[in-house]
Amino acid sequence: MLEDLKRALREAIAGGATPASVAMMRDALVEAKVAVQEAREARDRTAAQLAHERGELETVRRRGQLAAGIGDRETVDVAARFEGKHAERVAMLERKLAALETEVAIGERDLEEMHAQFRAMQAAAKVPGAPAAPAAQAGLDERDTEHNALRRDAERAARETDAAARLEELKKRMGR
């Protein structure tokens, strides 16, 4: 996930601790933070999909049992087909979630390493009387703020889309 960023980091370190290399490293660190955040969001979306799919599976199983209880063979057969489909989807989402959790863990570990290297490079590039490190940190904080604003906008749009979809579903159920 972060291999390109780690390569850029190694190149910046190889160039020595100059203000330019610190700036390159800061940019790589910001990109790494964004990548890890996107991986977390993908993991969270997958977890929500998995929870929903498990609920659907339980519903289909319950309906199949109810149909079996009243001797409705056709509904039992339909429920069995859907149970298989939902069970397959649950299994796939479980594997996907496990992979995303691993990706997030690796990304967070890589990000911590990059942070430590960035702080060391910042300290090495510091020239007496020059504010190289605080300026670099200010740039990092500014990009974090921009990223957080973009993330909030995206989350708000996703919530609005979800609310609209739920409203449409409710309207369908009510026959409107």
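Do you know which of the residues in segment 160-176 that are assigned to a helix (DSSP H, G or I) and of a type in the set (Lys, Arg) is nearest to the chain's Cα centre (by Cα)? Talk me through it step by step, then tell me what you get.
The first filter runs over segment 160-176 and keeps only residues assigned to a helix (DSSP H, G or I), leaving 160-174.
From what's left, of a type in the set (Lys, Arg): 166, 171-173.
Working: Arg166: 23, Lys171: 31, Lys172: 31, Arg173: 32 Å.
Looking at residues that are assigned to a helix (DSSP H, G or I) and of a type in the set (Lys, Arg), I get Arg166.
Remark: pairs (first residue in segment 20-35, in contact (Cβ under 8 Å) with a residue 60 or more places away in the chain and in a helix (DSSP H, G or I); second residue acidic (Asp, Glu) and surrounded by 18 or more Cβ atoms within 10 Å (Cβ to Cβ); Cβ separation under 9 Å; 6+ apart in sequence or on different chains) = Ala32/Asp110.
Note on segment 83-110: residues that are under 17 Å from Leu50 (Cβ atoms) and either in contact with a Cys (Cβ under 8 Å, 6 or more places away or on another chain) or in contact (Cβ under 8 Å) with a residue 12 or more places away in the chain (or both) amount to 13. Contact map, segment 55-76: residues that are closer than 26 Å to Leu93 by Cβ and free of Cβ contacts under 8 Å to residues at least 60 places away in the same chain paired with residues that are surrounded by 15 or more Cβ atoms within 10 Å (Cβ to Cβ) and of a type in the set (Phe, Trp, Tyr), Cβ distance under 9 Å, separation 6+ or inter-chain. Pairs shown: Glu56/Phe82; Leu57/Phe82; Val60/Phe82; Arg63/Phe82; Gly64/Phe82.
Taken over segment 21-42, the criterion of being of a type outside the set (A, V, I, L, M), surrounded by fewer than 18 Cβ atoms within 10 Å (Cβ to Cβ) and either over 29 Å from Asp162 (Cβ atoms) or touching an Asp or Glu at 6+ places or on another chain (Cβ under 7 Å) (or both) is satisfied by Asp27 alone.
So which residues in segment 99-132 are modelled with pLDDT under 70 and surrounded by 17 or more Cβ atoms within 10 Å (Cβ to Cβ)? Show your work before the answer.
Of segment 99-132, the ones modelled with pLDDT under 70 are 126-132.
Of everything in segment 99-132, those that are modelled with pLDDT under 70 and surrounded by 17 or more Cβ atoms within 10 Å (Cβ to Cβ) turn out to be Lys126, Ala132.
The values are calculated or read from the model by the stated rules, or taken from the named source; none is laboratory data. This one's a predicted model, so the numbers in the text were calculated from it and none came from an experiment. Cβ sites come from the backbone with ideal geometry, for glycine too, and all protein chains shown count toward neighbours.
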